[in-house]
Amino acid sequence: MKLISTEFCIQMLNAKVLLLCLVASSSAQGRSSIALGVFVEAFAYCVHCLRLFSPFPVASVAHIEANPDAKRLYDDLLSNYNRLIRPVVNNTETLTVWLGLKLSQLIEVSLRNQVMTTNLWVKQKWFDYKLRWDPEEYGGVEMLYVPSEQIWLPDIVLYNNWDGNYEVTLMTKATLKYTGEVFWEPPAIYKSSCEMNVEYFPYDEQTCLMKFGSWTYNGAQVELRHLDQIGIDLSEFYLSVEWDILEVPASRNEEYYPCCPEPFSDITFKLTMRRKTLFYTVNLIIPCVGITFLTVLVFYLPSDSGEKVTLCISILVSLTVFFLLLAEIIPPTSLAVPLLGKYLLFTMILVSLSVWTTVCVLNVWYR
């Protein structure tokens, strides 16, 4: 039946094309308007045949309608909603906000600037009594997604922010449940200040803290609790080429500030990581050790060759280049000297002594 109908459509389309050709061969008077009408009718008929006999479903604009129950729920919830008021029944009541982090990527750990750059998902959950509803009154709708700019949000910021950018990267939608539970998980790229210990560079371990808390509300108004018991969630973490993550615990703290008599609660996430040493071993340590061993060859050169002092000076200059390269990597701190820096400094002293010894030997040789 479908094959016969398809052949019928093709025959009708051929007839319309033939009619269009006859119109084109007629007189010029009125030919333009008739040809345009026939062409439009043939095109519409072709589209109609494709919709009827196509093996794939074709959507119709008339059947695409918004969910009326969800729209009615959205209007009822947010018509008289004030996003500036803390969602509590009593003003003395404490609102609990659960906070968690999901680490997506460790972008950079800068020793010189003492900054850790991370790509995070900031998971936040709280209860808003003004956003409750009965699913039976709204066609069984139990969950709703609303723009986060239209509801109350806790002003959770990173206290030890380095660049002054306290906002999240994207204001994603919040998930509402009929029980009043609000879940919001925006992505953010944070640059946090981190005290670096460069004593054992490049075989070092670093521990960086990320301290999150409310900027406006004290602990009696907004209480922070940890969302996950595993510290930072690493389920979506992209492996770093420079660092290995060792542990990611989290702790809740209360701290008093000079501005306010009430304490402020915060969640502090601790990120402990160990450096992968292959890059620095191949490109920094092995060349330094190889150049150091060349110092021994100075004492095997004949005194009449005239190259003993030249070799010593060349080795000393090479070590100086590596020392300057190390100074560009580590921060300009006076608290500790890196282990590699101690090695280079000790080697430069030995090479300087070898230069002094070589000069004395040449002085005795040519005297």
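A few remarks follow.
- Taking other C-beta atoms within 10 angstrom as a stand-in for reagent exposure, C288, C208, C259 fall in the order C259, C288, C208, fewest first.
- Spatially proximal aspartates and glutamates relative to K270 (Cα-Cα < 17 Å; intrachain offsets below 8 disregarded): E108, E195, D204, E205, D228, D233, D244, E247, E254
- Ordering Y138, Y81 by the number of other Cβ atoms within 10 Å of each residue's own Cβ, fewest first, gives Y81, Y138.
- Taking a ≥ b ≥ c as the square roots of the eigenvalues of the alpha carbon gyration tensor, segment 243-298 is prolate, as a/c is not under 1.5 and a/b beats b/c.
- Gyration tensor (alpha-carbon) shape descriptor, segment 71-276, a/c threshold 1.5: prolate
- At an R0 of 25 angstrom, the distance between the Cβ atoms of S79 and K173 translates into a FRET efficiency of 0.85.
- Of the GluC sites (Glu not before Pro) found in segment 132-236, those in coil by DSSP whose Cβ has at most 16 other Cβ atoms within 10 Å are E142, E167, E195, E199, E236.
- Equivalent-ellipsoid semi-axes for segment 279-365 (Cα gyration tensor, √(5λ), whole Å, largest first): 29, 13, 9.
- V296, V109 arranged by Cβ crowding within 10 Å, fewest neighbours leading: V296, V109
- Loop-resident chymotrypsin sites (Phe, Trp or Tyr not before Pro) (DSSP state other than H, G, I, E or B) in segment 188-223 with no more than 12 further Cβ atoms inside 10 Å of their Cβ: W215.
Values quoted throughout were computed directly from the atomic coordinates according to the rules given, and no laboratory measurement underlies them. The model shown is predicted, which means the values in this text are computed figures rather than measured ones. Positions of Cβ are backbone-derived with ideal geometry, glycine not excepted, and every protein chain shown enters the neighbour counts.
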